[in-house]
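What follows is a short report on a single structure.
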Amino acid sequence: MATSQYDTIFQQIEVLLQEHAQLQVPIQDDTDLINDLGFDSLKLMEMLEDVEDIFDITYPLNDLANLHTVKDFVLQIQQITGGE
Amino acid sequence: MGLLDKLVTIATTRETLLPEGIDPFNVVIEEIYSSTEGQIDGQRVILAGTNNYLGLTFHPSCIEAARKTLLEEGTGTTGSRMANGTFSGHSALEKELALFYGCQSAIVFSTGFVTNLGAISSLAGPGDVIVLDADSHASIYDACRMSGAEMIRFRHNNMVDLEKKLRRLGEKSTNALIIVEGIYSMLGDCAPLAEIAALKEKYGAWLMVDEAHSMGVLGKHGRGLAEAVGVEQDVDFTVGTFSKSLGAVGGYCVSTHPELDLLRYTCRSYVFTASPSPSTISSVREALRVVSSQPQLRTKLWENVEQLYRGLEQSGFELGPDPSPIVAIRLPTKEKALFAWKAILEKGIYVNLVFPPAAPAGLFLLRCSISAAHTPEQISYILKTFAELKPMMTAAT
Ligand SMILES: Cc1ncc(COP(=O)(O)O)c(C=O)c1O
């Protein structure tokens, strides 16, 4: 159950990341948002606004400190949306 | 990897961006002649980027007040407000600020930046929520991080987003501090404060307004945006600075809540830094009197704003959304903005060059700030120069 929820979020995030990333690389769990996808603070904020709209959530800025990889991101969204 | 290695990227950026000539981010004002003129790079220039909205840096009575105190009380307090750094002037200024705002309490800090650091990080803590406008000043962002509170950003001036975020908080909204600015420092636009105040009421939240750029500028008595839109009773905490309309350096927080006074024991940036010098405090006290007693300065300021904003608009520049003493010209690229900044300086006009992340939304800005002290002739010269340089500034490369 938890895995499939993870996968659903992952798929939605994958599209968003590809849309906003500066660098086009395959998106995997351990892909780093800054080093691999080239996000800067401005691009990151734009992408977070889309994430907030799509998932109808508020992403607290405090979570940015622990956001490095795609996996971190999916788990954070899972937690905010109330998943396991 | 060495400690300094991370600075290599900054050095590279600096070299590519600023191959030669004057560094726009390290300008030296070699001589200062008045609140609107100085010398930069050996040349006499009009200062049109100094936040000196009322031109009070050279106001004779402010200078005289500072000079008198300098002779009587010396050059500095050499201590923090909590120890030996509160002279009678500091206390008097706090009473005068409280009276000016019709508030119970006021606290004077050493700068506006440390006012935000201290006040915000003391008022909100773990378990609380701060809901801040995306375009907030760096000092507000840093303060939020220091506070340990949950930090939520709403899209700049977007009331739908603010309401969504307050609604999602549920019961926690009564522990939420909404932070906005009166006039935003980069684009010069105002917060929709009446709507923000209504949302604050609806969700039982708290409201802080940073009037750094609006104090002395807006409102019948110069108290800022909250006065101008008639919502002062809804603002829990007002913060501001002495470094803009008041022409000196320092900061303040005022509140209708008498508990504000307790922040003197908790704000690290109040306890652990030296207080403003006594002469600074005297010039600020005098400047506050000028703000109250000379509303004609505000009238003059807004006449100048109209002249500059409308003139630049007529020349076809893309500006910030509202006329305000901050007039930001948007340029298409970093290179164009840098080129334009230098060309303008060579013609004898100093404005601010602002790049992201200091500029919002990835914009490249020539940020002008206008003063009541600018003459119509100075503004005409600024307009003429910008109009002449426009083809070069905006043409595609
Ligand atoms: C909105 C805002 N708050 C606070 C500050 C800090 O003021 P000070 O220069 O007194 O540190 C500034 C100054 O740039 C500002 O624009």
Inset, instruction - Determine which single condition A:H20 fails, assuming it passes every other condition in (1) within 14 Å of another protein chain (Cβ to nearest Cβ); (2) open to solvent by 20 Å² or more (accessible area, probe 1.4 Å); (3) at pLDDT 95 or above; (4) under 12 Å from the mean Cα position of the chain (by Cα). - result: (3)
Legend entry - Residues being assigned to a loop (DSSP other than H, G, I, E, B) and either in contact (Cβ under 8 Å) with a residue 12 or more places away in the chain or away from chain A (no Cβ under 14 Å) (or both) - total across the stretch B:338-375: 13
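Matching residues to (1) assigned to a helix (DSSP H, G or I); (2) within 13 Å of chain B (Cβ to nearest Cβ); (3) surrounded by fewer than 17 Cβ atoms within 10 Å (Cβ to Cβ); (4) in contact (Cβ under 8 Å) with a residue 60 or more places away in the chain:
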{"residue": "A:V51", "(1), (2), (3), (4)": "yes, yes, no, no"}
{"residue": "A:Y59", "(1), (2), (3), (4)": "no, yes, no, no"}
{"residue": "A:D63", "(1), (2), (3), (4)": "yes, yes, no, no"}
{"residue": "A:K71", "(1), (2), (3), (4)": "yes, no, yes, no"}
{"residue": "A:V74", "(1), (2), (3), (4)": "yes, no, no, yes"}
{"residue": "A:Q78", "(1), (2), (3), (4)": "yes, no, no, yes"}
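Quick grid of which residues meet (1) within 23 Å of B:E20 (Cβ to Cβ); (2) at pLDDT below 95; (3) open to solvent by less than 10 Å² (accessible area, probe 1.4 Å):
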residue	(1), (2), (3)
B:K336	yes, yes, no
B:F339	yes, yes, no
B:G348	yes, no, yes
B:L353	yes, no, no
B:L366	yes, no, yes
B:L383	no, no, no
B:E388	no, no, no
B:M392	yes, yes, no
Inset, instruction - For the stretch B:213-229, state whether one or more residues are within 16 Å of the ligand (Cβ to nearest atom), assigned to a strand (DSSP E or B), more than 14 Å from every other protein chain (Cβ to nearest Cβ) and not aromatic (F, W, Y). - result: no
Legend entry - Flag if B:G224 is crowded, with 24+ Cβ neighbours inside 10 Å and either on the phi > 0 side of the Ramachandran plot or of a type in the set (K, R) (or both): yes
Legend entry - Single match in B:G42, B:G21 (criterion: in contact (Cβ under 8 Å) with a residue 60 or more places away in the chain, among the small types (G, A, S) and open to solvent by 40 Å² or more (accessible area, probe 1.4 Å)): B:G21
Inset, instruction - Kindly establish whether B:F339 is of a type in the set (F, W, Y) and farther than 26 Å from B:E15 by Cβ. - result: no
Inset, instruction - Output the helices (runs of 4 or more DSSP H) that fall wholly within the stretch B:91-194 and possess 3 or more residues being of a type in the set (S, T, N, Q) and either within 16 Å of the ligand (Cβ to nearest atom) or crowded, with 22+ Cβ neighbours inside 10 Å (or both), or say none. - result: B:112-123
Legend entry - Only listed residue being touching an Asp or Glu at 6+ places or on another chain (Cβ under 8 Å), open to solvent by 10 Å² or more (accessible area, probe 1.4 Å) and within 17 Å of B:T77 (Cα to Cα), chosen from B:S279, B:S269, B:S283: B:S279
Inset, instruction - Tell me, please, whether a residue that is part of a helix (DSSP H, G or I), touching a helix residue (DSSP H, G or I) at 6+ places or on another chain (Cβ under 8 Å) and of a type in the set (V, I, T) can be found in the stretch B:301-323. - result: no
Legend entry - Search result, residues across the stretch B:195-212 that are in a helix (DSSP H, G or I) and either open to solvent by 10 Å² or more (accessible area, probe 1.4 Å) or away from the ligand (no atom under 16 Å from the Cβ) (or both): B:E195, B:A197, B:A198, B:L199, B:K200, B:E201, B:K202, B:Y203
Inset, instruction - Among what's in the stretch B:143-165 and is acidic (D, E) and closer than 22 Å to B:C190 by Cα, pick the residue that is farthest from the other protein chains (Cβ to nearest Cβ). - result: B:E163
Inset, instruction - Can you tell me which residue within the stretch B:230-247, out of those that are crowded, with 24+ Cβ neighbours inside 10 Å and small (G, A, S), is nearest to the ligand (Cβ to nearest atom)? - result: B:G240
Inset, instruction - Give the number of residues within the stretch B:254-274 that are within 16 Å of the ligand (Cβ to nearest atom), more than 23 Å from B:P295 (Cα to Cα) and in a strand (DSSP E or B). - result: 1
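The values are calculated or read from the model by the stated rules, or taken from the named source; none is laboratory data. Computed from a predicted model, the values in this text were never measured in an experiment. When we count neighbours, we look across all protein chains shown, and the Cβ atoms used for this are built from the backbone with ideal geometry, even at glycine. Calculation scope for accessible area: heavy atoms of the full protein, side chains included, ligands and nucleic acids excluded. Shrake-Rupley method; radii C 1.70, N 1.55, O 1.52, S 1.80 Å.
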